[in-house]
Amino acid sequence: MLDLNRLKALHAVAVHGSVGAAAEALMVTPSAVSQQLAKLERETGTVLVERNGRGVRLTDAAGLLAEHAGRIIALVQTAEADFEALRGAVVGRLTVAAFPTAARGVLPQALSVLKRQHPDLDLLLYEREPERQIREVARGEIDLGVVQDWLNRPMAMPDGLERVTLLDDVADVVVAAGNPLAGRRGVRLADLADDPWISSTPGTVCHDFLVFLFRSQEREPRIVCMADEYPTQLALVAAGHGYALIPRLGRGPLPPGVEALTLDSPPVRRIYAIWRADAARRPAIRAAVDALRSVGSGLHLL
């Protein structure tokens, strides 16, 4: 009899490419994953893992078994969702992920609503970038994700996922308080192309969107500092090192020494909740989406 937890370990290694990455996804130690694989080898009487330099490589037999494991895990998840739907109870474990500003600006209130209304629901929250969330929700590693895209640059969504809009968010240009632009409204982004900018690192949604905004006007931003945390960007702005494009969601009160300018055509991003279509019957999913929408509707960011 094949053990489901061992099949999950094998499937995670196949999906994530290494024992370490599989352990992170399963929230266990790498040694625990290795032990599960060793036990699965004894159960099947087959070599499943081979050393490959400092890592491991799955054998052809392991690849075949991992494909079956993926289908088995999906069937188990569907059965659990159907059973929860039949009971109609908001129970079990719900794994939620959100990108940083949503994790700060929406999730604390939404989780409080869920805990108050459904005390038997076991909640686990991760902070994840949107691209990673989409992959993990599609693979069933996360139940519900909170992602974003900018309205003139939508994010691709794979088949098998459903989504609902939670709220729209606006980004402002933040400048040092002593900047000549401070106090102005209706600033044109194109007029700022030659000035220094502070942005997140390439490959992140916010960095790529800033570049996209300027390139859509046939300009290129002069990025002089890169930092993924908004508080770091604001500190650099306050010190006079450049401008930053900072969304309002989760921003909180601006620190001393900086001021937000409203652009003449403010860039807007849309915040979504996403989940697997085959899990939509779970009462816990519906309850979480309702809580997120309720909190989102109470935020006035535009």
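Just so it is clear, none of the values below were taken in a lab; they were calculated from the coordinates. Please read these numbers as outputs of a predicted model, since none were measured by experiment. A quick note on method: Cβ atoms are made from the backbone with ideal geometry, for glycine too, and the neighbour counts reach across all protein chains shown.
The table below gives the values:
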item: Cβ-Cβ FRET estimate between A260 and R116, R0 fixed at 35 Å, reported to 0.05; result: 0.55
item: Euclidean distance between Cα centres, region 113-168 to region 240-283, Å; result: 15 Å
item: Neighbour-limited loop hits for trypsin sites (Lys or Arg not before Pro), region 171-218 (at most 13 other Cβ within 10 Å; DSSP other than H, G, I, E, B); result: R184, R185, R188
item: For T95, T46, order by how many other beta-carbon atoms lie within 10 Å, fewest first; result: T46, T95
item: Spin-label model distance (nm) - A227 vs A21, 7 Å beyond Cα toward Cβ; result: 3.1 nm
item: Exposure proxy ranking, count of Cβ atoms within 10 Å, fewest first, for Y272, Y243; result: Y272, Y243
item: Cα gyration tensor shape for region 99-150, rounded if a/c is under 1.5, else prolate or oblate; result: oblate
item: Candidate values (1) 73, 50, 31; (2) 72, 44, 36; (3) 57, 45, 31, label of the one derived for Cα extents along the principal axes in Å; result: (1)
item: Once exposed loop GluC sites (Glu not before Pro) are cut out (DSSP; at most 11 other Cβ, 10 Å), longest piece of the chain; result: 1-217
item: Around T201: net Lys/Arg minus Asp/Glu count, Cβ-Cβ under 13 Å; result: -4
